[in-house]
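The values are calculated or read from the model by the stated rules, or taken from the named source; none is laboratory data. The shown structure was predicted, so the numbers you read here are calculated from the model rather than taken from an experiment. FYI the Cβ positions are ideal-geometry reconstructions off the backbone, even for glycines, and counts take in every protein chain you see. Ligands, DNA and RNA are stripped out before the accessible areas are found, and what is left, the full protein with its side chains, is counted by its heavy atoms. Shrake-Rupley method; radii C 1.70, N 1.55, O 1.52, S 1.80 Å.
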Amino acid sequence: MDKTATGVCIRLAEGGDVRDGAMDRVHAHLRGTQDSLTTPFVVRQNAWARDVFGASVQWMQGHGLLTAERRQWLEQCDIGALLGLTNPYSDRHLLRLAGDWYVWLYAFDDGVCDEAFTGAQAWDMAHLTLRLKRSVTGYAPGEEPEENYARALFDLRCRIAEHATPAQLVRWTEAVRDYLNGQLWETMYRATGRTPALDDYITMRESASGCLTCFALFPMLNRYHLAEEERAHPDVEQLSRSANRIIAWDNDLFSYWKEQGDHSAIANLITAVAQQRKCGTAAAITYARKRRDDELATFLRTEKRIARHLGADGRNYIANLRNWVSGSLEFHKTSRRFAPAPRAVHL
């Protein structure tokens, strides 16, 4: 029995066939939900993305962070497509900075975060996040981090600083620190085998998704300056929050089946909903979908209310959010990263 959700947990032998009818129905319901997810936003692609992604992979490999197997997996998952779908208008030079950041994030997520299950590993994760936080706040001249992830992150931070305004650099730095806190939070829950309460999960997922780190790069990547009064406007903050939630919850719906086999999907919206509402997986999927669609409706209402009151830079920022929402969903629907496989599931 698995205590992370209500109901019976059926575990399959490695490579076994899915024969249980109830499990088939849950899986079919999840696939149907994934297929039916939509946004009203146009999907666009950056023509430079694949070339830039190749250079970013080489950069990451140069820091000793990609084995041949992990590199092949990144390429098979088509992270380069995500780069282009979410940054359709960035020029090639600046897109490279985003590409390096995407590759760092995915390498860190696959190579560190998803490996940190035990208490001892979670303790190591806490020490690593401290070193990484120092990498984005900067070192004194002549200093350089020793750990590979920290060294790559520091290198990227220095190159971003060459193009970002001081305010833009601070916003990205703060977002990265919040992201690292979110990853540590997820690791601690996985290490203890506890599922977070729904409200706690929603709050911490906003940081752990990594989306805010990418949103913070929008003005630099697209060569505009978002004034502080516009960025801090409650409606603009709501748009950022809603976009982040839509993207993160789409990810939860697409990654749930894989996470069941990896670590019981402890840090997943579906599992948190099942625990909070004391329901089975199918009902939790339906509710998670409703929350996602409600958040999209909130985004559209908020955009309609605020867009005409913003300047060109504020409207550019909203357009960037729309591109990220639509591009991320397109990536989830087409990437091999989320291909389903027979896994344990709570019925």
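For the reader, a short list of remarks on this structure follows.
- Spans of helices (runs of 4 or more DSSP H) in the stretch 32-119 with at least 3 residues under 22 Å from residue 254 (Cβ atoms), modelled with pLDDT under 95 and open to solvent by 10 Å² or more (accessible area, probe 1.4 Å): 68-77, 92-111
- Of residues in the stretch 277-312 being under 18 Å from residue 239 (Cα atoms), among the small types (Gly, Ala, Ser) and part of a helix (DSSP H, G or I), the one most open to solvent (accessible area, probe 1.4 Å): 312
- Residue ID - farthest from residue 110 (Cα to Cα), chosen from residues in the stretch 243-299 that are in contact (Cβ under 8 Å) with a residue 40 or more places away in the chain and of a type in the set (Phe, Trp, Tyr): 299
- When the residues of the stretch 177-203 are filtered to those that are modelled with pLDDT under 95 and of a type in the set (D, E, K, R), the one that is farthest from the chain's Cα centre (by Cα) is 194.
- Close pairs (6 angstrom Cβ cut-off, 6 or more residues apart or separate chains): open to solvent by 30 Å² or more (accessible area, probe 1.4 Å) in the stretch 185-210, of a type in the set (Gly, Ala, Ser) and assigned to a loop (DSSP other than H, G, I, E, B) anywhere: 189/267
- Count of residues meeting criterion [assigned to a helix (DSSP H, G or I) and either at pLDDT 95 or above or polar (S, T, N, Q) (or both)] in the stretch 256-276: 9
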